[in-house]
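Notes for the one structure printed next.
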Amino acid sequence: MSELISGKDALIALANGEEVEFKDGMEKWENIKHHMNLDLSMFLTAPEWMKFRLKPRTIIIGNIEVPAPFEPKDSDKHYFISNNNVGYDSDIYESKNECACQTQFGAWRTESEVKQVVAALRQIFE
C-alpha cells in the first residue's frame, strides 16, 4: 500500500502537478481530479475517514501494468525477483551489506506488489 499523506501535503502535491487519490466511502481509491466538488476544508480539516495518497507509480511489462519498483533505504523490508520456486524473496535492506544481485531488477515494498511483477513476467515468458 502507498503511504498516506496529510490533506495539506495532498494540496501541495496537486499544486505541483502530481496525481493525488483519496479513499471514498466505499473504501476505493479515487483520483481527486475526478471529484472537483471537494472543497478546501476537506483538505485542511479532513475528517478521520478521509485518507489521501499519491497515486502509486506503475510500469508496463509487456502490456501488463504493475507496481513500479522503489529505492529501499536502510532497514526497509523489500521484496525482489529471485530464481527460487516462487520467483521472489524478501530481505531487510542494509546498504553496507547489500548484494547488488538482490535488487538488480528492482525492489518492491510488499509481497502483493512483487507477486504482480512475477506473474507479469511469467505471462510474457510462457
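The values are calculated or read from the model by the stated rules, or taken from the named source; none is laboratory data. For clarity, every value in this text was computed on a predicted model and none was experimentally measured. Here the Cβ is made from the backbone with ideal geometry for all residues, glycine too, and neighbour counts use every protein chain on show. Side chains are part of the model used for accessible areas, which takes the heavy atoms of the whole protein and leaves out ligands, DNA and RNA. Shrake-Rupley method; radii C 1.70, N 1.55, O 1.52, S 1.80 Å.
Observations on the model:
- Listed by position, the strands (runs of 3 or more DSSP E) enclosed by the range 41-90 that each have at least 1 residues that are surrounded by fewer than 11 Cβ atoms within 10 Å (Cβ to Cβ) and either at pLDDT below 95 or not polar (S, T, N, Q) (or both) are 58-61.
- Filter pass, residue 29 being open to solvent by 40 Å² or more (accessible area, probe 1.4 Å), over 17 Å from the mean Cα position of the chain (by Cα) and of a type in the set (Phe, Trp, Tyr): no
- Within the range 1-26, restricting attention to residues that are of a type in the set (Gly, Ala, Ser), surrounded by fewer than 17 Cβ atoms within 10 Å (Cβ to Cβ) and modelled with pLDDT of 80 or more, the residue that is nearest to residue 110 (Cα to Cα) is 6.
- Selected residue (criterion: most open to solvent (accessible area, probe 1.4 Å)) from residues of the range 108-126 that are at pLDDT 85 or above and outside any helix (DSSP H, G or I): 109
- Selection within the range 62-88 - among the acidic types (Asp, Glu) and in contact with a strand residue (DSSP E or B) (Cβ under 6 Å, 6 or more places away or on another chain): 65
- Looking across the range 41-59, the residues that are over 21 Å from the mean Cα position of the chain (by Cα) and in contact (Cβ under 8 Å) with a residue 24 or more places away in the chain come down to 42, 43, 44, 45, 46.
- Test for residue 105: is it under 21 Å from the mean Cα position of the chain (by Cα), over 21 Å from residue 3 (Cα atoms), open to solvent by 60 Å² or more (accessible area, probe 1.4 Å) and without any contact (Cβ under 8 Å) to a residue 40 or more places away in the chain: yes
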